[in-house]
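Nothing in this text is a laboratory measurement; each read-out follows from the coordinates by a stated rule. Being a predicted model, the structure only gives us computed values, none of them experimental. Neighbour counts are summed over all protein chains in view; Cβ atoms, including those assigned to glycine, are modelled from backbone coordinates with ideal geometry.
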């Protein structure tokens, strides 16, 4: 840890909750379902990060949500999605889909493949207002856009081609190769969450592995690197 680091706390991968069924293996960064930890309720507007692995042909049957911003970020495989608005899509690696559940929506999510497993992150963020009209938005971000740099993938104002989210949060994705280093300056009165999705990363030289999350408070220049390759998400939160 850098000597002048303001304030960050690592939430280790081994401390996450876990749900297992015949077709689902899910790790919960924050309290979810039967997993409850009073120290892991959420972080500012960030409420859920579930690391899901879903067996071929299996998935979540139709179920409902309301008043939540739900993002799906696929790491490998593909998600087949259908909902009560008549929307249907396949979400693949590089895609970011956001569902504003708003006044209420029903949807299903299944592994699109009958032979290959699916690995994804599902992220829930509290909206800045309730009772919004339900909506979906999905955009693709190429590996080249994220390689060796951070790419904005979701933002309240939808700038730079990001999907729009109803909350004051900027979400970045990055894919680093060995030796790559990226820097990010966290402004005053902002907070950040760093989620390692795959591989191994370093924050100010401290090693982080897939499943680790880091909460960061206060103004700080973040230096993120890797020696073997990594993919991560960075949340800049009000």
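How do 120-133, 179-192 rank on mean C-beta neighbours within 10 Å, highest first?
By packing density, highest mean first, the sequence is 120-133, 179-192.
How far is the Cα center of segment 132-154 from the Cα center of segment 159-178, in Å?
Between the Cα centre of segment 132-154 and that of segment 159-178, the gap is 6 Å.
For labels at residue 90 and residue 36 in the simple 7 Å Cα→Cβ model, what's the distance in nm?
4.1
Would you please put 138-151, 212-225 in order of how densely packed they are, using the mean number of other Cβ atoms within 10 angstrom per residue and starting with the highest?
Most protected by this proxy first, the peptides run 212-225, 138-151.
Report the gain in length on full extension from residue 115 to residue 185: 0.36 nm times residue separation, minus Cα-Cα distance, nm rounded to one decimal.
20.9 nm
Using 0.36 nm per residue, how much length does the chain from residue 106 to residue 227 gain when fully extended, once their Cα-Cα distance is taken away?
The span from residue 106 to residue 227 would gain 39.3 nm if fully extended.
Quick check: pseudo-label points 7 Å beyond the Cα along Cα→Cβ at residue 15 and residue 58, how many nm apart are they?
It works out to 2.9 nm between the two label points.
I'd like to know how the chain sits against the 2.2 N^0.38 Å rule of thumb: what's its Cα Rg over that expected value?
Rounded to two decimals, the normalised Rg is 0.97.
Calculate for the chain the 222 nm mean residue ellipticity that helices alone would give, adding -39,500 (n - 2.57) per DSSP H run of length 4 or more and normalising by residue count, nearest 500 deg cm²/dmol.
0 deg cm²/dmol
Using a basic spin-label model with each label point 7 Å from the Cα along Cα→Cβ, how many nm lie between residue 159 and residue 206?
3.0
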